[in-house]
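One structure is given here, and the rest of the page talks about it.
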Amino acid sequence: MQPKHIDTDERPFVLIWEVTQACDLACKHCRAEAQPRRHPDELTTEEGKQLLDEARRFGDGQLVVLSGGDPLYRDDTLELVEYGVDRGLRMTLTPSGTTSLTADRIQALANAGLRRMALSIDGGSAETHDAFRKETGSFEQTVTAARAAREAGLPLQVNTTVCAETVDELPEIRELVADLGAVLWSVFFLVPVGRGQVLDPISPDRAERVMEWLTSVSSEAPFGIKTTEAPHYRRVAIQQQRSATGGDEARDGPPDGIGRRTGITAGDGFAFVSHTGNVYPSGFLPEAAGNVRERDLVDIYRESPLFEDLRDPDALRGKCGACEYRQVCGGSRSRAYAYTGDPLASDPLCAYVPDGYDGPLPEQSLSD
């Protein structure tokens with residue numbers, strides 16, 4: 001099924017399963033606060049296969065991301081990929097850039113039918129990336145793995161975190177994404193959860209400028225661009241297109257390299273299963289709607305009040321609720337939750353104020 005035909009009331013476009021929180025890295029932004037030990041209550045191999053069976057019930061070609069921590073910390077990851085592929089799922093993986101990510105393992109994953117591998121690059125050089133990842137050699141290992149993926153014929157996605165420490169690196173990273181032959185650049189705007197609470201975000205005005213730049217990059221880059229936890233990228237792109245054409249033709253936002261035009265936000269086209277089976281709207285919105293050990297995943301996604309509220313743009317409050325772009329944007333529900341405890345509040349990273357809106361504005365506690 002084409003992404004544009006997915007009814008997000010019925011199924012997520014993206015289902016992430018955090019198979020483990022264990023990882024050899026201690027990255028500054030890590031949502032999971034990963035550590036080099038596996039949790040004793042992780043979903044077992046059999047429970048994981050049952051989860052994949054449930055994911056199959058969402059419909060043909062459900063996209064599943066095996067994430068972490070480092071998913072390769074588990075010795076059954078290849079088995080889980082093979083099982084998901086056999087069930088007709090589109091299996092992808094986000095491993096850490098460590099010595100465990102060898103060319104042989106990448107080739108085995110490609111042979112198993114993995115659809116895409118995503119690697120994180122947060123600096124345009126070894127010095128800046130390794131400082132952010134707090135691991136000397138991480139940059140070289142990640143680039144080596146990216147090249148091995150290309151040799152294996154495995155499509156590559158590059159993930160980048162945007163915060164005060166990394167924002168000036170974006171032009172260099174953009175060049176590296178192209179050089180590595182990536183098919184998609186996923187640009188994640190920091191949400192202060194986990195270790196990321198100690199990092200400084202960029203300001204709303206700086207975020208606006210970054211999104212304007214990303215829009216220009218997307219028009220000529222050999223790869224797709226999507227933003228994570230920054231759905232107002234679509235609003236920025238629509239405004240730029242309308243300005244260029246002098247009309248209002250661009251109503252849905254730009255495609256993001258994987259076929260999505262309307263907003264995919266926490267709980268609305270997106271679901272996250274933790275290493276212990278808790279189901280969240282997003283890994284960055286840690287409010288559980290249930291646990292797959294106790295309730296069916298499909299039912300949790302379709303019927304839990306939290307997910308239903310997040311799929312209703314008219315339930316949004318404050319500036320986001322009054323915004324004419326709420327159908328294609330809706331703001332980051334995760335960031336709203338992180339700053340206010342209310343997942344339906346306004347996103348404090350968005351600088352846009354709708355015409356005629358004179359209500360309360362989000363707390364502007366973000367800074368460059």
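Close Lys pairs in the chain (alpha-carbon distance under 25 Å; sequence gap of 8 or more, or different chains): 4. Applying 1/(1 + (r/R0)^6) with R0 = 25 Å to the Cβ-Cβ distance of residue 303 and residue 358 gives a FRET efficiency near 0.10. Note: segment 1-160, Cα convex hull, 116 Å³ per residue. From helices alone, the chain scores -9500 deg cm²/dmol at 222 nm; the rule is -39500 (n - 2.57) for each run of n ≥ 4 DSSP H residues, then divide by the residue total.
FYI, it's all coordinate maths here, none of it is from the lab. Note that the structure is a prediction, hence the values are computed from the model and not measured. Note that each Cβ is placed from the backbone with ideal geometry, even for glycine, and that neighbours are counted across all protein chains shown.
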